[in-house]
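Report on one structure; see the data block that follows.
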Amino acid sequence: MLRALVESGRRPDIVTGCSIGALMAAIVVGSRGDPVEALARHVAPLRHAGEPVPAQRLRAQHAAARRPQRLPAEPVWFALPALATHMYEGAPLEAALDEWVDFDRLNASPTEVIVTAVEVKSGALTEFSNHRDG
């Protein structure tokens, strides 16, 4: 879909995402280089097939265990997934975002990026926008 959008010359007004979709949204709008290539290169290794939840979780756990520790999985996610608040450790993910996303480009883009996350302490859904918050 992204390739067709880019090739058509159209630009979306808003790109939004939650969880891994937030990472994808940031790459689509603020990638360092071609967004189609960047998305394929950086996010494809993180995905897993859309199978029923138990099979999907097992496949994702197995894939995460084999994956180079570029983005190491949070250990709690393996041991007690019901208690895990996130899949990936924060510091490596932040370093990857700094490498993959040009935040000056993202914040200057005419395309608004809106991402949502759950604030862990309150459980409230929080929204972030490059046009409002940077």
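The values are calculated or read from the model by the stated rules, or taken from the named source; none is laboratory data. These numbers come from a predicted model, not from an experiment. Cβ coordinates were reconstructed from backbone atoms using ideal geometry, including for glycine residues, and neighbour counts include every protein chain displayed. The accessibility values were calculated without ligands, DNA or RNA, using every heavy atom of the protein model including side chains. Shrake-Rupley method; radii C 1.70, N 1.55, O 1.52, S 1.80 Å.
Which FRET efficiency, nearest 0.05, do ALA82 and GLU127 yield, Cβ-Cβ r, R0 30 Å?
0.70
Per-residue accessible area for ARG41 at 1.4 Å probe radius, Å² rounded to 10?
130 Å²
So what are the stretch 86-134's ellipsoid semi-axes, whole angstrom, largest first, if each one is the square root of 5 times an eigenvalue of the alpha-carbon gyration tensor?
For the stretch 86-134, the ellipsoid semi-axes come out as 21, 17, 7 Å.
Show the residues, 5+ positions off or on another chain, whose built amide H is closer than 5 Å to the amide H of TYR88.
Those qualifying (amide H under 5 Å, at least 5 residues apart or on another chain) are GLU74.
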